[in-house]
1. With a Förster radius of 22 Å, plug the Cβ-Cβ distance of residue A:27 and residue A:315 into 1/(1 + (r/R0)^6) and report the FRET value to the nearest 0.05.
2. Any idea what % of Cα-Cα pairs in the protein assembly as shown are farther than 50 Å?
3. Taking neighbour counts of Cβ atoms within 10 Å as a proxy for exposure, in what order, fewest first, do B:78, A:52 appear?
4. By what distance, in whole Å, do the Cα atoms of the stretch A:4-96 stretch along each of the three principal axes, largest value first?
5. Other chains near A:232-242: what is the mean number of their Cβ atoms within 10 Å of each residue's Cβ?
6. For the stretch A:173-310, what does the alpha-carbon gyration tensor say about shape, rounded, prolate or oblate, given a ≥ b ≥ c as the root eigenvalues, a/c under 1.5 as rounded, and a/b over b/c as prolate?
7. Which of A:331, B:117 comes first, and how do the rest follow, when ranked by fewest Cβ neighbours within 10 Å?
8. Would you work out if the stretch B:92-203 is rounded, prolate or oblate? Take a ≥ b ≥ c from the square roots of the eigenvalues of the alpha-carbon gyration tensor; rounded if a/c is under 1.5, else prolate when a/b is larger than b/c, oblate otherwise.
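None of the figures in this text is laboratory data; all of them are computed from the coordinates on show. Only a predicted model underlies this, so the values are computations on that prediction, with no experimental measurement involved. Glycine gets a Cβ as well: all are built from the backbone with ideal geometry, and neighbour counts include every protein chain shown.
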């Protein structure tokens, strides 16, 4: 309290040494270790997991720092994914490719549902720049509307969680119900090229994997920038004592809305990359169940740790794939147990375990290597 | 949209759809009652509520099988036994869960949400392992089958009336328990001011556990009643959970009257719209309306002044 604010800013480097090491480790694993160890199929799978970790990253900001638990991140993941899929689908359904349909030039599922003209909201998605813009802007706008409406009326906590969950349910029902416009329960499938570039080959999957990794690192750095800025500190302060922040004259609602929008944009980027990497999008990534599963990724990794969220996502998904391949029945027990265990015993996830058990030992080691003062450390014996 | 129907047709449609809505209302009310008690009392979001309901439904299914093979003479009355059993089973499991899980998390309401979600996954898989992945239905006793012909165009199914009667009884019972008994007075005291209630000698932990058990037990009865109008599968509970939460939030937490009013308005809107539009559109419009109203009036329809 007695320190001048300027000195804290000086003592606040962009990342601490340990965080630089974590970043280097993550980059090494994503860009070197995994591509060397895994075959094309497995690498594509990891690419899919990486797209989920964007959502987990957003949740760290929104839930870990901001204290706003959204159970509707699938909505934004889905929005990003669907917007991207719309562009890809239009490109795949050129007049030439769809000449056996009764109306050539429109997506096949529209033709099956007796729609004879491209609906107005599909039309702009013939343009790639528009699509890329929409992937960011539409979810952000959507989150802004929800956030403003809720946070201005001081709706928070469990109420917010339930309402975001309801929104996820609504969007799923809407997508499944409006088959002719959205592809229904099957989603948008049979995607082929991105601006003429075939996305179905192993080589394309590989390149997309690296794009994914690059974007993820960029998002981590941006999140880190937000975390250490004044804004990030206000977010944390707000989480811990909302009233005090409000009485200090801050517009609490705007900060919360910002965190929610940022999380939405991260999720949408993940969704768009998911569509590219996996080659389809369906309502099963939008609803309540995937939305809550995405929360557990962040919870397992550590809701306060940006790197933890990525590790958590990779780990949970790896476990899911392994278990559901060999013991499909055990997986739900495992996932359910994981939810309970993390919440009861390790509320800060893997990052929390690392911080309480591993880091003190590491720093002790480092201290031991330094020319130690003559007085022995009192805890060294333990 | 209304042009093709004559006036008498329309009025019978409204009566029939209204009645279908009433059955939906009954199931919603029973489910939401338990949830409202738990949410209102402890601020705990129980995501596994649907699974407690399904436990009740499976209990009824087991009972129906048992009575059919071993006690066919008593079969017409098995339903009452099943309902009591459903209440006891769900209530006991609820109290166990409160003791093992929930009581450690009272200070972290968002975390209870995640933990109970985990519990719901485990229960779902347990049901799938024990009862198989397929939906099961119960054999109704003969006196519950059929319908009452009111006029030429209006007929009302008996099992629906029975479900409504049960709902009425349970609701009245809960209202009596909450507003006329010593236990109810304790519960309300704890809701209004927990430390003070503890200070005057109420065992708040015990009240919490009993309340949680009561809420889960009522969910069990809801599941038992549900078997009469639909079949039960391991994931049936999840279908209703969002609607039920919305009902509780929309009604205003901690208000029994609000819960009933919101269950009524939501189920009636949905079933009336369902007739004119497709089922999914009706659901979307109903949910959107509820979310929209909640954005304008986040405290819900009825509120209870609570000192925190």
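1. After rounding, the FRET efficiency stands at 0.80.
2. 18
3. B:78, A:52
4. 68, 36, 23
5. If you average over the peptide's residues, the count of other-chain Cβ atoms is 0.
6. Cα axes put the stretch A:173-310 in the prolate bin.
7. Ordered by Cβ neighbours within 10 Å, fewest first: A:331, B:117.
8. Oblate, since a/c reaches 1.5 and b/c is not below a/b.
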